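The values are calculated or read from the model by the stated rules, or taken from the named source; none is laboratory data. Not measured: the values here are computed from a predicted model. Heads up, the Cβs are rebuilt from the backbone with ideal geometry, glycines too, and the neighbour counts pull from every protein chain shown.
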Amino acid sequence: MSGPNGMLYGGDEIGALVFDPGHHSLRVGYAQEDTPKADIPAVIGVGPATHIPDAEEKVPDGNVTQTATKKDELRYYIDVTELHVPRPNMEVQTYMKDGQVDNWDLFEKMLDYCYSKVIRSPSEHHPALFTEAVWTTRPAREKLAELLFEKYQAPAFFLVKNAVLAAFANGKSTALVVDAGASQTSAVPVIDGYALVSAAVRSPVGGDHLVAQAKHMLNSAHIQMLPIYSIASKEVIRERERARYTLKTLPAGLTHSWQQYMLKRQYEDFVHCVAQVSESAYDERVAASVPAAHYEFPGGYHQDFGPERFKLTECLFEQSLGAPHLVCAAAGACDADARAALWGAVVACGGGACAGGWLERLSKELSSRAPSAHRLKTSAPPAHHERRFAAWIGGSILASIGSFQQMWISSQEYDEGGKGQLERKCP
């Protein structure tokens, strides 16, 4: 399909962009590539501007979006290099809520950053494909289309459900997609490239819940987690010996939201290094026979974690909230004749699915619950980044397929048919 000036969307001459907004981060990059160009935390630091340039004055082109108006003296800090600097009165806010964009002003700042600092190319040159959660509301979809066409002047736009893209990334058009995300875990049946919204189920148990459990576990063991930015130097000590470190002098007025955000990143690192899922329900004797994992905290204190690292992840497999229960509920909500195909293609994706042993545990629990008449097959890409970025990779594949090019909503169609085009072209 050629655009107004004869260019081919998604052809080799013009790069379509794929955006995959999530609760933990936003993935953005060019279609046809195998990994996103950037994976940006889904939070933005908002602080008072130190110097407000006059409208005529040249704004320095740093990593910071500066507003050149005197009335709302705010600066926005995006991405880790800017966010992780201790700044007085900088609040950390997120633009996501319940799996969809909630704060559009902040989300606009994020898109500005993506175009100017990541893609480094004008938005009017690139068709944009966005992923969305299955339960995204109609007003939110329309708002996104309006933003892309009217503010960013995108030549073409498309919206696809992330479960559909995750299935495509695994080479399937029919699958039962289990997405273990940061704020929730969901199971969505996809049949012939369409997500069955009515049969999709989700639970609030995700990566953030696991991080909260880790925090509780360390507090109970009286292990202090110090944020990395507060340590100036530390001494080498023996295992389980009391930490000896020197604290940095930090600027006054650091906000609670920023300190909590930085601590959360630290707990996430702990979970990433230590947490492990046991193959069957937690049994202390079996867990004790597995070698322990060693972890050193920012303050220098270090110790081995044994059975407790398996106990930590049990919350992900609770009876009524865990992934196995969601899969059974989603499959049960579909037509009986579609179930065999779904049970034969259970696809796992999302950051939570990267935990060691998670996929094996899911397969084992499902094999005891799946109907004996159906053959069960659970799969996930072997590489962790492919599980984490499954929806983005699916979008990258889709936007670069020749037969997809007539599917885009072009700016011309949007001008003629308005938001109604969304329901027609992106069900």
- [ ] Select from segment 359-374 the residues that are in contact (Cβ under 8 Å) with a residue 40 or more places away in the chain and touching a strand residue (DSSP E or B) at 6+ places or on another chain (Cβ under 7 Å) and list them in ascending order.
- [x] L362, L366
TODO: Could you run through segment 120-140 and say how many residues are surrounded by fewer than 19 Cβ atoms within 10 Å (Cβ to Cβ), assigned to a helix (DSSP H, G or I) and touching a strand residue (DSSP E or B) at 6+ places or on another chain (Cβ under 9 Å)?
DONE: 1
- [ ] Answer yes or no as to whether D192 is surrounded by 15 or more Cβ atoms within 10 Å (Cβ to Cβ) and acidic (D, E).
- [x] no
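Among the strands (runs of 3 or more DSSP E) lying completely within segment 10-93, list those that include at least 2 residues that are at pLDDT 95 or above. So that I can check it myself, show each step before the final result.
On the way: elements: 17-21, 25-30, 38-41, 43-48, 64-66, 74-77.
In segment 10-93, 17-21, 25-30, 38-41, 43-48, 74-77 are the strands (runs of 3 or more DSSP E) which contain 2 or more residues that are at pLDDT 95 or above.
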Task: helices (runs of 4 or more DSSP H) within segment 318-406 that include 1 or more residues surrounded by fewer than 18 Cβ atoms within 10 Å (Cβ to Cβ) and of a type in the set (S, T, Y) - done: 358-369
- [ ] Enumerate the pairs (first residue in segment 252-267 and in the same structural domain as H216 (by the TED database); second residue anywhere and among the hydroxyl-bearing types (S, T, Y) and assigned to a helix (DSSP H, G or I)) with beta-carbon separation below 8 Å, excluding pairs fewer than 6 apart on the same chain, so at least 6 apart or on different chains.
- [x] M262/Y229
- [ ] Test Y295 against the stated conditions and say whether it is free of Cβ contacts under 8 Å to residues at least 60 places away in the same chain, surrounded by 14 or more Cβ atoms within 10 Å (Cβ to Cβ) and touching a His at 6+ places or on another chain (Cβ under 8 Å).
- [x] yes
